[in-house]
Amino acid sequence: MRIKTPFAIALFTLGLTKTKYTDMLGYVLELWQRFASPKTLDSMLDFFDVLVLYPCPSLETRSQLLFALSELLWRFSRRIDEAQWRIFRSIVKDLKLEESLADLLGEAVTSIGQNLADESKIFQKLTGKSVLI
């Protein structure tokens, strides 16, 4: 699944009625529900960057799409890299939905911090040793 963001930008620039905006995000949501995976995450994050920049005639529809995105992030949190978490956190802050997604954002920070701590322990164990690759 690859959302064509230049096409979306053109539509947003021309202006969309609430009905057309809702329909378009409905199609994106349907695609996301069918093809959501860690591999397609970057495409959805790019699309959300566009959604943040343009006026939103339906906050409820946009939030619904963001919650569907957050469900994938929660389900595959170990497969999501730090850059993707950073973009997602930025989108959530821009849309002022931190309270709605506080549990997920807190879990992401804890998980990433734990991974970094685990990596440093590995290096401590290897101090003074030779490693052959």
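Under the √(5λ) rule applied to the eigenvalues of the Cα gyration tensor, what semi-axes describe the equivalent ellipsoid of region 1-106? Give them in Å, descending.
Working: eigenvalues 96, 46, 30 Å².
Taking √(5λ) for each Cα gyration eigenvalue gives 22, 15, 12 Å.
Students often check this: by mean Cβ neighbours within 10 Å, which of 29-35, 67-73 ranks highest, and how do the rest follow? Walk me through the intermediate numbers first.
On the way: 29-35: 14.1, 67-73: 18.1.
Top of the packing list down: 67-73, 29-35.
Subtracting the Cα-Cα distance from 0.36 nm times the residue separation, let me have the gained length for ALA68 to SER37 in nm, one decimal. Spell out each step's value before the answer.
Numbers: separation 31, 0.36 × 31 = 11.16 nm, distance 1.16 nm.
Full-extension gain reported as 10.0 nm.
If you stretched the chain out fully between ASP81 and TYR54, how much longer would it get, using 0.36 nm times the residue separation minus the C-alpha to C-alpha distance? Provide the component values of the computation, followed by the final result.
Working: separation 27, 0.36 × 27 = 9.72 nm, distance 2.67 nm.
Roughly 7.1 nm would be gained on extension.
Readers should treat all values here as calculations from the given coordinates under stated rules, not as data from a laboratory. What you are looking at is a predicted structure, and each value in this text was computed from that prediction instead of being measured. In this analysis, Cβ positions are derived from the backbone assuming ideal geometry, glycine residues included, and neighbour counts consider all displayed protein chains.
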